[in-house]
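**Student:** First, the structure itself, so that you have it in front of you.
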């Protein structure tokens, strides 16, 4: 059986395309357009979320890869690509994007971002910041759950106390 190998940048861009799809596009449609299996794309998404993409080639291991993720492009580089692609038809756009290591949907999104006046946030959190935020989020959820349980217990005690007073009356009433 001939097993295909995909570059890390292809996997990353495929995951980005899958995660940025619109409501009408299914994961199967994305996988079909990329000519990969749906289960393979799903595994890549899980690995990307867990930051577990393996490096397979010697160039990637030595850090000699020239691939640049779309989010690593500066605003000036993005604007240059949008301008360069403005007069291209679909076939020429796809060829140009392949040469740049991009997908046409990246160029379209960059164009929308520039036209709307809201350029994307270029700063991404470091893995240590992400880990800190995840731990803080986990601690806050745990505290919220604890407080919810305490609130539910207090509410139950108040209801029971009210029922006891209805059945037995107040102790002050009995003393008089």
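**Student:** Order 91-98, 149-156 from most to least packed using the mean count of other Cβ atoms within 10 Å.
**Tutor:** The densest-packed peptide leads the list: 91-98, 149-156.
**Student:** Here's another thing I want to ask about it. If Rh is defined by the Kirkwood formula over all Cα pairs and Rg also comes from Cα, what ratio Rg/Rh do you get for segment 68-124?
**Tutor:** Value, to two decimals: 0.94.
**Student:** In nm², what is the average projected area of the convex hull enclosing the Cα atoms of segment 127-175?
**Tutor:** That works out to 4.0 nm², a quarter of the Cα hull's surface.
**Student:** Ok, one more. Arranged from highest to lowest average of other beta-carbon atoms within 10 Å per residue, in what order do the peptides 161-170, 70-79, 6-15 appear?
**Tutor:** So the peptides 161-170, 70-79, 6-15, ranked by packing, come out 6-15, 70-79, 161-170.
Every number here is computed from the coordinates shown, using simple stated rules; none is lab data. Remember, predicted model here, so these are calculated numbers, not experimental data. Note that each Cβ is placed from the backbone with ideal geometry, even for glycine, and that neighbours are counted across all protein chains shown.
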